[in-house]
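The values are calculated or read from the model by the stated rules, or taken from the named source; none is laboratory data. Everything quoted here is computed from the prediction, not taken from an experiment. Counting neighbours? That spans all protein chains shown, and the Cβs are built from the backbone with ideal geometry, glycine included. For the accessible areas, the whole protein counts, side chains as well, though only heavy atoms, and no ligand, DNA or RNA atoms are used. Shrake-Rupley method; radii C 1.70, N 1.55, O 1.52, S 1.80 Å.
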Amino acid sequence: MNLKLRNKYKSVRLAIFSGTITRIEYPYCLDFDGHEPIQYAGFNSPNNIVFHLQAKDDTLKEFQFHNSCFDFREGHSISVITSVKTSLHRLVINHNTQRYWLTNTESLSSELLWEKYVLAFTLLFFYLAFFVSAYFIIIPFFDKTNVALMVLTGVAVLTATFILPKIYRLIKISRNQFLFEKRFRPQLQTIARNLLNDEQ
C-alpha cells in the first residue's frame, strides 16, 4: 500500500506492516539497537512495551515503544505504519478493538534545514531593524552620544545572547505544533479510519 503524508513544503512516505501479536512484554527498560531510532508513543506515564508481529507470509518483526499505552493482547491483529526515511513509527492500529494511536508526533513536523535558516534570518532582520530604529529614536534624548551608544549596544548584546534564542525556539515550537495539528494529524487519522473501514 502506497501511503504518504503531504504538506506544502514536505512529503513523508509511509510503509505499513500488519500481523498478529505472537509475543508481548512490558519491560522496565528497553534496549534499542544503535541504528534504530528510539520510538516514543507520546504518553506521560512510563509504560514500555515490546511486541512481535507475525505477518501472513510468516515474516516476524519486533516493535518497541517507550511510554506507550496500547490495549494489546496476544492474538490481536495489529498494523504499524512507519516513516520510510526515518523509520519512526507514526501510527499503530489495533484491528480487533478498532482503536488507533498516533506516535512520534513531534518529529513529524520538524522544520527542514532551509526553513531553519529562513526563520533565523527573518528573526535576525527584525531584531536588527528594531535596534537601528531604537538608535535613531533614543540617541537624540542623550547629550552624550557615546554613552547612549554603549548602553544600546550592551542591551543589544544581552538580548541577542539570552532572549533571541528563546524567541527563536518559541516560534519553532508554535510553528511545528500548528503544522502537525492542521496538516499531519488529520491525514494520519484519515489513514487509520480508511484502513479500519476497509475491513468492514
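In segment 64-79, how many residues are more than 13 Å from residue 94 (Cβ to Cβ) and either assigned to a strand (DSSP E or B) or of a type in the set (Lys, Arg) (or both)?
The number of residues fulfilling the criteria is 3.
Could you run through segment 109-131 and say how many residues are in contact with a Leu (Cβ under 9 Å, 6 or more places away or on another chain) and assigned to a helix (DSSP H, G or I)?
Here the count works out to 4.
Just one of the numbered conditions (1) touching a helix residue (DSSP H, G or I) at 6+ places or on another chain (Cβ under 8 Å); (2) closer than 26 Å to residue 30 by Cα is not true of residue 77; which one?
Every condition holds for residue 77 apart from (1).
Please verify whether segment 25-38 includes one or more residues that are open to solvent by less than 70 Å² (accessible area, probe 1.4 Å), within 19 Å of residue 104 (Cα to Cα), at pLDDT below 90 and under 19 Å from the mean Cα position of the chain (by Cα).
First, pick out the residues of segment 25-38 that are open to solvent by less than 70 Å² (accessible area, probe 1.4 Å): 25, 27, 30, 32, 36-37.
Going one step further and asking which of them are within 19 Å of residue 104 (Cα to Cα), we end up with 30, 32, 36-37.
Next, only the ones that are at pLDDT below 90 stay: 30, 32, 36-37.
Keeping just the survivors that are under 19 Å from the mean Cα position of the chain (by Cα) gives 36-37.
The answer is yes, given that some residue of segment 25-38 is open to solvent by less than 70 Å² (accessible area, probe 1.4 Å), within 19 Å of residue 104 (Cα to Cα), at pLDDT below 90 and under 19 Å from the mean Cα position of the chain (by Cα).
So is residue 114 closer than 30 Å to residue 172 by Cβ, at pLDDT below 85 and not polar (S, T, N, Q) or not? I'd like the intermediate steps shown before the answer.
On the way: closer than 30 Å to residue 172 by Cβ: yes; at pLDDT below 85: yes; not polar (S, T, N, Q): yes.
When the stated conditions are applied, residue 114 passes them.
All but one of (1) closer than 30 Å to residue 8 by Cβ; (2) assigned by the TED database to the domain that holds residue 127; (3) loosely packed, with under 11 Cβ neighbours inside 10 Å hold for residue 168, so report the exception by its number.
(3)
Out of all the residues in segment 35-62, which are out of contact with any Ser or Thr (no Cβ under 9 Å at 6 or more places or on another chain) and either touching a residue at least 24 places away in the same chain (Cβ under 8 Å) or under 11 Å from residue 23 (Cα atoms) (or both)?
Listed by number, the residues that qualify are 38, 45, 50, 59, 61, 62.
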